[in-house]
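Chemist: The structure under discussion is supplied below as structure tokens; questions concerning it will follow.
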Amino acid sequence: MGPKKLHARRGVRLSRPDPHRFFTVMLVFSHRTFRWSLARNTILWTLGIAMGLWSLAMVGSAYGFWATKKIMSFSQLQAETAQQQKRLRDTLNKARGLEDEIDTLQRQLTELQKLIDPKTLAPELPPPPEAASPHKGKISQLQGEIERTWAQTKAIRAAMDPIIERWNHTPSIFPTAGYMSSGYGIRLSPFSRANEQDDGLLGFHQGIDISNSRGTPIQATADGTIETAGWQEGYGNTLVIRHTPDIETLYGHLDTIAPQIKVGQLVARGDILGYMGQSGRATGVHLHYEVRIDGRPKDPKPYMRLQREWLSSFK
């Protein structure tokens with residue numbers, strides 16, 4: 001009885017679970033046995049990491065789907081840009097057209113004077129005596145008002161011209177259609193770029209990235225001169241436009257540069273420069289767009305809204 005009871009107790013003791021082992025997998029072969037044991041904490045951590053990665057993937061997929069829905073086709077962007085340019089031209093032409101209206105008034109006044117008194121000479125010459133025409137006083141008053149308006153118009157035009165010239169050379173529209181996949185400033189960099197300031201995990205992104213499908217057209221954001229057109233380390237196929245002595249824009253990772261674009265060529269706002277791609281060090285198809293003031297990168301987003309904001313002020 002004694003030895004049998006001792007053997008039974010020993011069997012019970014050996015069958016108790018190991019507190020450090022929660023799950024065990026065994027593969028038994030004829031000559032060898034493989035055994036893996038996992039603790040409870042290990043299993044929980046593994047499940048937690050897997051759930052976290054799955055959640056991140058779902059959020060990324062949802063954002064990608066949402067962003068794709070938000071993508072504006074380049075034809076829409078180009079139509080919007082053309083409409084904005086037309087509104088700006090119409091607004092500016094109203095001010096400039098005032099000169100034509102004054103010229104017309106000058107001619108009409110001269111013809112009126114001739115009809116009233118054929119002996120009356122041009123408005124700029126001394127007027128005839130008072131008795132020559134009973135309407136002379138009103139005509140002289142009208143002439144004076146026209147001359148004052150003419151002088152004011154010329155002064156306004158002289159003040160406007162340099163402002164309009166500066167505006168034409170200031171980046172103020174979207175360079176392409178798509179969604180912003182990376183913003184300006186500090187970011188987690190997929191790899192260190194030669195043109196950025198940090199070789200570690202964090203890097204300073206000197207522009208913004210706009211993603212869309214390969215071949216999406218890229219347009220000039222302001223009037224200027226092509227300063228660089230070709231391959232540039234890190235950026236791939238790259239264009240740099242010099243707008244003013246202190247303002248330039250950069251367009252990187254292009255698939256191809258438009259064949260008509262050459263160094264030294266003058267371009268206008270809205271002209272096609274090239275097509276979106278993945279050249280250089282890029283993890284996906286996108287445009288890398290920079291605005292530089294005195295050689296230093298600035299956040300491009302405020303410049304991309306300038307034309308819309310200006311037009312909204314006319315409403």
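The values are calculated or read from the model by the stated rules, or taken from the named source; none is laboratory data. Bear in mind the structure is a predicted one, so any value in this text is a computation, not a measurement. Quick reminder, even Gly has a Cβ in these numbers, built from the backbone with ideal geometry, and neighbours come from all protein chains shown.
Chemist: When you scan the stretch 234-241, do you find a residue that is modelled with pLDDT under 95 and not in a strand (DSSP E or B), even just one?
Modeler: yes
Yes/no matrix, rows are residues, columns are (1) more than 20 Å from residue 85 (Cβ to Cβ); (2) in a strand (DSSP E or B):
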| site | (1), (2) |
| --- | --- |
| 221 | no, no |
| 229 | yes, yes |
| 245 | yes, no |
| 251 | no, yes |
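Chemist: Go through the residues of the stretch 299-311 one by one and say whether even a single one is among the acidic types (Asp, Glu), surrounded by fewer than 18 Cβ atoms within 10 Å (Cβ to Cβ), touching a Lys or Arg at 6+ places or on another chain (Cβ under 7 Å) and not in a loop (DSSP other than H, G, I, E, B).
Modeler: No, the conditions are met nowhere in the stretch 299-311.
Chemist: Would you confirm whether any residue within the stretch 193-209 is part of a loop (DSSP other than H, G, I, E, B), modelled with pLDDT of 90 or more, under 25 Å from residue 75 (Cβ atoms) and assigned by TED's automatic domain parsing to the domain that holds residue 286?
Modeler: yes
Here is a yes/no grid of residues against (1) loosely packed, with under 10 Cβ neighbours inside 10 Å; (2) modelled with pLDDT of 70 or more:
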| residue | (1), (2) |
| --- | --- |
| 12 | yes, no |
| 57 | no, no |
| 60 | no, no |
| 66 | no, no |
| 81 | no, yes |
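Chemist: Can you confirm whether residue 269 is surrounded by fewer than 20 Cβ atoms within 10 Å (Cβ to Cβ) and either closer than 22 Å to residue 73 by Cβ or not aromatic (Phe, Trp, Tyr) (or both)?
Modeler: No: the conditions fail for residue 269.
Chemist: If residue 255 satisfies all but one of (1) in contact with a strand residue (DSSP E or B) (Cβ under 7 Å, 6 or more places away or on another chain); (2) part of a loop (DSSP other than H, G, I, E, B); (3) of a type in the set (D, E, K, R), what's the number of the condition it fails?
Modeler: Condition (2) is where residue 255 drops out.
Chemist: Among the residues of the stretch 204-239, write down those that are buried (at least 21 other Cβ atoms within 10 Å of the Cβ), of a type in the set (A, V, I, L, M) and under 25 Å from residue 307 (Cα atoms).
Modeler: Hits for the stretch 204-239 are 208, 210, 218, 220, 222, 239.
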